[in-house]
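Remarks on the structure that follows.
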Amino acid sequence: AGSATEEAEIEVTHSAGYSDWTDWTPCSADCEGTRTRSRFCNNPPPTPGYPSCPQDIETETERCGADRCPGFSTWSDWEECSKECGYGTRIRTRQCDSPPPEIGGPQCEGLSVETKVCYIKKCPKRSKCL
């Protein structure tokens, strides 16, 4: 009986790979902060002489917390002109309550009152008494 010997070429690759992403870090601020997550070049780890990852650690950053920033309500209707004749003013307002700011936190940015000039009609001339 004879023996058979087979020769085969097997290519083994030892390219490094990244781990899964870590959980996001907590948001850095209650309003308009950032959070990060990372992944590491350890799945599998680099082997000398084989391709490695472009970086040992990859990090992603994104904005967070914007939904918790204080905001204004919608503008009220314009009030009536302050004068019945001649030039007067009209105002409208809005409140910083959508949501309201937290104690010590950022405030709403922008105006809470707007004013504009109004003119209804020319005022009658006053008569002079003699």
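The values are calculated or read from the model by the stated rules, or taken from the named source; none is laboratory data. This one's a predicted model, so the numbers in the text were calculated from it and none came from an experiment. Ideal geometry is used to build each Cβ from the backbone, glycine not excepted, and the neighbour counts take in all protein chains shown. Quick note on the areas: whole protein, heavy atoms, side chains included, nothing else; ligands and nucleic acids left out. Shrake-Rupley method; radii C 1.70, N 1.55, O 1.52, S 1.80 Å.
Quick notes
- Within the listed set GLY110, GLY33, GLY49, the Gaussian network model of the chain (springs between alpha-carbon atoms below 10 Å) gives the highest mean-square fluctuation for GLY49.
- Residue list for the stretch 91-130, given a label point 7 angstrom along the Cα-to-Cβ vector of GLU84 and an amide N cut-off under 17 Å: 119-127
- Computed over neighbours whose Cβ is under 11 Å from that of GLU114, the net charge equals +3, Lys and Arg +1, Asp and Glu -1.
- Cα point-scatterer Debye curve for the chain, base-10 log of I(q)/I(0) at q = 0.13, 0.21 Å⁻¹: -0.83, -1.14
- Where only alpha carbons of the stretch 40-101 are counted, the Rg and the Dmax (Å): 28.9, 89
- TRP24-CYS123 pseudo-label distance in nm [points 7 Å out on the Cα-to-Cβ vector]: 5.9
- FRET efficiency for the pair THR34 and SER73, taken as 1/(1 + (r/R0)^6) with r the Cβ-Cβ distance and R0 = 35 Å, rounds to 0.80.
- Legend: calculated FRET efficiency, GLN107 to ASN42, from the Cβ-Cβ distance at R0 = 30 Å, rounded to 0.05, equals 0.10.
- Electrostatic bookkeeping for CYS27 treats Lys and Arg as +1 and Asp and Glu as -1; over the other residues with beta carbon under 13 Å from its beta carbon, the sum is -1.
- Measuring gaps between exposed loop sites in the chain (trypsin sites (Lys or Arg not before Pro); DSSP loop; at most 11 other Cβ atoms within 10 Å), the longest gap, sites not included, is 1-120.
- Surrounding net charge for ARG39, when Lys and Arg each add one and Asp and Glu each subtract one, Cβ distance under 14 Å: -4
- Carbon and sulfur %, accessible surface of the stretch 81-130 computed with the full protein complex present, 1.4 Å: 54
- Residue with peak Gaussian network fluctuation, the chain [Cα springs, cutoff 10 Å], from CYS27, CYS41, CYS96: CYS41
- Of GLN95, GLN107, GLN55, the residue with the greatest mean-square motion in the GNM of the chain, using alpha carbon springs below 10 Å, is GLN55.
- Per residue, the accessible area of the chain comes to 84 Å² when a 1.4 Å probe rolls over the protein heavy atoms.
- Applying both filters, DSSP loop and at most 14 other Cβ atoms within 10 Å, to the chymotrypsin sites (Phe, Trp or Tyr not before Pro) of the stretch 69-122 gives TRP75, TRP78.
- Relative contact order, percent, the stretch 23-115 [alpha-carbon distance under 8 Å, six or more residues apart]: 24
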